[in-house]
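This report concerns only the one structure given below.
Read the figures in this text as sums done on the coordinates, not as results from a lab. Every value quoted in this text rests on a predicted model; they were computed, and no experiment measured them. Quick reminder, even Gly has a Cβ in these numbers, built from the backbone with ideal geometry, and neighbours come from all protein chains shown.
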């Protein structure tokens, strides 16, 4: 039904699916910087979909998929917190 990394909205809160387990899914609120993963059961997901309270939405971070990773030696320079360490 849902896949890892899907973004869904339930009652105006966006969640990212982190993992699937036999009884449901682990998800995390992506709009809060203090959230922890939570378990939602498959039956809760099914009920939410049928009642149209739970919907898939666009991933607000999808633009990051196409970014090229910064090599580790240039990380500090990219972050603007100093210069890269000497080799």
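Sorting 47, 22 from the fewest to the most surrounding beta carbons within 10 angstrom yields 22, 47.
As a footprinting exposure proxy, order 1, 9 by other Cβ within 10 Å, with the fewest listed first. Least to most surrounded, the residues fall as 1, 9. Residue order for 8, 57, fewest other beta carbons within 10 angstrom first, comes to 57, 8. In this rough spin-label picture, where each label sits 7 Å from Cα along the Cβ direction, the residue 55-residue 9 distance is 0.6 nm. Packing, taken as the mean count of other beta carbons within 10 Å per residue, orders the peptides 27-35, 11-19 from highest to lowest as 11-19, 27-35.
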